[in-house]
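Some notes on the structure that comes next.
The values are calculated or read from the model by the stated rules, or taken from the named source; none is laboratory data. Remember, predicted model here, so these are calculated numbers, not experimental data. Heads up, the Cβs are rebuilt from the backbone with ideal geometry, glycines too, and the neighbour counts pull from every protein chain shown.
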Amino acid sequence: NAGVTQTPKFQVLKTGQSMTLQCAQDMNHNSMYWYRQDPGMGLRLIYYSASEGTTDKGEVPNGYNVSRLNKREFSLRLESAAPSQTSVYFCASRGLAGALSGELFFGEGSRLTVL
Amino acid sequence: KNQVEQSPQSLIILEGKNCTLQCNYTVSPFSNLRWYKQDTGRGPVSLTIMTFSENTKSNGRYTATLDADTKQSSLHITASQLSDSASYICVVSAMGGTYKYIFGTGTRLKVLA
């Protein structure tokens, strides 16, 4: 049981380049999230998807797009990367019911540097 | 404004010692509070959840408390080990149509041998 898997783990981009961060979960969760983590700040929500086929903006959506390809996969795209997007990106999915209800399960993170 | 504040920002203790991390929140309407442990270079992992009616909950050497009246929570680590070195993040969930999480900035704990 892999949980939440993110790729790539590391990436260096030049300003203006585009890339897609991939995320997949094997826990049959409906809700999935993309966060960014910057030094001295709490995790900030970029986009989330409450269920397959739906996506909504979070706190810091500018410069990003997402796709909920199916129930398992939720990707994050940077169309034209900027140095301000240098960060660690985390994908998460939300537990369904019972004791795990509301618990977020995180991937290992994708460390992005934009030069 | 919904906020979660943690203290201290960082903490260094010797192996075997105890420590307590603090979390104050202003989140309404409150649903629950979780403590996550984040090892360096890894994603956060849930340690414990506190609901409105719970005062204390233990998970091994970790004990969380919640005072819903003062909107404060603490995480007490007993007999610390080197593997406890990590960031500890307090996350408060707000009730509402869309499940909402408010993250603290974390306390960075280093345990020295």
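Quick notes on this structure:
- The range A:72-101, residues that are over 26 Å from B:Gln38 (Cα atoms) and either at pLDDT below 95 or polar (S, T, N, Q) (or both): A:Glu79, A:Ser80
- Residue in the range A:66-83 that is touching a Gly at 6+ places or on another chain (Cβ under 8 Å) and either at the interface with chain B (Cβ under 10 Å from one of its Cβ atoms) or closer than 19 Å to B:Gly106 by Cβ (or both) present: no
- Residue count for the range A:10-25, restricted to those that are in contact with a helix residue (DSSP H, G or I) (Cβ under 9 Å, 6 or more places away or on another chain) and in a strand (DSSP E or B): 1.
- Within the range A:84-115, the set of residues being at negative phi, in a loop (DSSP other than H, G, I, E, B), in contact (Cβ under 8 Å) with a residue 12 or more places away in the chain and within 14 Å of chain B (Cβ to nearest Cβ) comprises A:Gly95, A:Leu96, A:Gly107, A:Glu108.
- Residues located in the range A:26-53, provided they are farther than 14 Å from A:Ser67 by Cα and not in a loop (DSSP other than H, G, I, E, B): A:Tyr35, A:Arg36, A:Gln37, A:Arg44, A:Leu45
- Once the range B:1-28 is narrowed to residues that are within 14 Å of another protein chain (Cβ to nearest Cβ) and more than 16 Å from the chain's Cα centre (by Cα), the residue that is surrounded by the fewest Cβ atoms within 10 Å (Cβ to Cβ) is B:Lys1.
- Options B:Ser53, B:Ser80, B:Ser31, B:Ser93: the member that is assigned to a loop (DSSP other than H, G, I, E, B), in contact (Cβ under 8 Å) with a residue 60 or more places away in the chain and either within 14 Å of chain A (Cβ to nearest Cβ) or not β-branched (Val, Ile, Thr) (or both): B:Ser80
- Taken together, B:Thr70, B:Thr105, B:Thr65 contain a single residue that is surrounded by fewer than 21 Cβ atoms within 10 Å (Cβ to Cβ), of a type in the set (Val, Ile, Thr), more than 8 Å from chain A (Cβ to nearest Cβ) and not in a strand (DSSP E or B), which is B:Thr70.
- Looking across the range A:45-57, the residues that are within 17 Å of A:Ser110 (Cβ to Cβ) and either surrounded by fewer than 15 Cβ atoms within 10 Å (Cβ to Cβ) or touching a Pro at 6+ places or on another chain (Cβ under 8 Å) (or both) come down to A:Ile46, A:Tyr47.
- Candidates B:Gly41, B:Gly97, B:Gly106: the one that is on the phi > 0 side of the Ramachandran plot and modelled with pLDDT under 95 is B:Gly41.
- Lone unmet requirement of (1) at pLDDT below 95; (2) surrounded by fewer than 20 Cβ atoms within 10 Å (Cβ to Cβ) for A:Gly42: (2)
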